[in-house]
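As structure tokens, the structure follows; a few thoughts come after it.
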Amino acid sequence: MMNDFYNLHFVRLRSFYVLMALLLTVSTGYAQNFTATVSQNPVSTTEPFEITFTFSGSDVNGISNFQAPSFGNFSVLQGPNQSTSMQIINGAMSGSRSFAYYVQAKEKGKFTIGSASITNRGTVLKTHPITIEVVQGSAKPNAQKGGQQGNEKQVSAAEIGDNVFIRASADKSSAYIGEQVTVVYKLYTRLNIASLQVVKMPSYTGFWSEDITTSQNITFTNETLNGKQYSVAVLKKVALFPSQSGELTVTPLSLKLPVILQRKRKSQSLFDDFFNDPFFQQTQTVEFNAVSNNVRVRAIPLPEAKKPAGFNGAVGSFTMNAVLDKKTVKQHEPVSLKLTISGAGNIQLLTTPDIQIPAAFEKYDPKINDDIQRSGVISGKKSFEYLLIPRVEGKQELPPVTFSYFDVKKKDYVTLTAHPGTVEVTKGDAEYTGKGSNYSKEEIRLLGEDVRYIKSKAHDIQSVGSYMANSVFAWFLLLFPIAGIAGVMVWKSREAKLAGNLELLRNRKAEKLARTRLKAAQKALIAHKVDSFYDEISFALLGYIEYKMNIPRAELSMEKITEVLSNAAISEERISGFTKSLEECEFIRFAPTQDKENRMKPLYDSCVSLIVGMEAELAQLKGGRKS
């Protein structure tokens, strides 16, 4: 009896140890588990899908150096999107971290996505390669998502994708550097959809972009495509000007669309047939991600042969004229030379022409104004107004002004010439003080004369006494030049230091631009000018980030902004708020009219808070690096 007791006790003890060993083995394996999964397989060339790389274990915070594989025959639409989950069971903590990519196949066939890698406490883990079959058109899902619920028929993403999609088209597949390419994004649908939500904006790497004005509200028209009737709406139009040669790609526009579907029962019951009448049918809303196609443009370099010496990159079709506001002027009084370039092309990128002015004139930097129409082909005019001060009397002729551009229709360079004319300069009767001019200048020196206004009569000459020498005015005259020279030296030193510190210069420019734009947005808010308000808010955010983070204007995109802010260690919450505010400004036309005005005040407060918070965060990060 006692032996049976000990045997039973030994068996239980052995089972306990075996169970503990199994638990330790599972725990150890779980701590270093790195896998790759896809949302569906096979996939279609028209339907995006998700591939996820997941690390699971008890040391989620110990991983680093994630390296994604080459996606080869798949276009990356979005990613990596990181997510982390944690759980505690019986005091033991475990969790997982995922890196998800949203991708789309370029062509049909069987392709392999290689291994991703990650480092966990010095150990490198790799996923197994995944082979994906790509079919033309719609892929047949492995199983209906969620199975059959009751008698209701489930609708696959492929079926929705055949009836709701975004199509991006360009008016030309190749263009010269600087030539306009118009890209139009259209939404095609045969189903009912609710409000749209932006997932990802397209990026225009290698292009200078100008948004083309479209309707503030979505309007649908009927269009037949491949024999099917669709309701079609223009979502966005953009004019792109290639800034570099080669094969350039515009990434897709991605939207989240709540699609409203009617539920239909499969039963053959007569009662069910009665309730299948549209009047009695119920509806369900399914969220569907619609992603446009890529747009590819081959950018051709401008020919080097016959390129004029003064060519500065102007491409299009232009005219030019030069006008003097006066033909006769007194010595030391201002005369204005206005040079205007008009036409269609990359007007925004036109640089200041180099004009030659005779030595008899003093020339100041021009005031630049532009008036651009963005209704289709980018057109308008850009003016350069120069202030000239004649210093020598007589007949002064201004030389011709030349401007060269590349004409895409002629495929050749064209040089325009404008003749400002002649200015008759008569003797002046007083010093020029700068009055009557809209130009700002700290000082305009009088040249060409050594002595002026010598008194010829002595009736007001007085003897100099001790009063003059001891007066406050005399001391003022003595000390003012010294104080002025010292002030100029301090100012010059400060400007030289500022010019040498490019980071400080950019920071000040970013802050100044943001304040100016936000002030204009506040005025538009008070005046209920909805369109102006959203324009100013958008300019404030983009201008601030352009100068603060030193991002070239041509590379400004949601993807680039997110990448740069992440590299600068800005918090994810701040980055998310920044991109959401930009997207709201960009797609505000999707909202009803009343929502636009209702969102103005919260959006303004949010943008002010974002910029102030980012300034504080950057200052704290900079202080941390110094310490």
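Worth pointing out:
- Karplus-derived 3J(HN,Hα) values for the stretch 245-251, using 6.51 cos²θ - 1.76 cosθ + 1.60 with θ = phi - 60°, are 8, x, 7, 10, 10, 9, 5 Hz; glycine and proline are entered as x.
- For the pair the stretch 98-139 / the stretch 164-188, the C-alpha centres are spaced 30 Å from each other.
- Amide H within-cut-off set for residue 426, under 5 Å, with H built and near neighbours excluded: 329, 330, 331, 394
- Dividing the mean sequence gap of close Cα pairs (under 8 Å, 6+ apart) by how many residues the stretch 160-248 holds gives a relative contact order of 38 percent.
- Listed residues 186, 580, 381 arranged by accessible area, highest first, probe 1.4 Å: 580, 381, 186
The values are calculated or read from the model by the stated rules, or taken from the named source; none is laboratory data. Keep in mind that what you see is a predicted model, and the values were worked out from it rather than measured. In case anyone asks, the SASA skips ligands and DNA or RNA and just uses the protein heavy atoms, side chains included. Shrake-Rupley method; radii C 1.70, N 1.55, O 1.52, S 1.80 Å.
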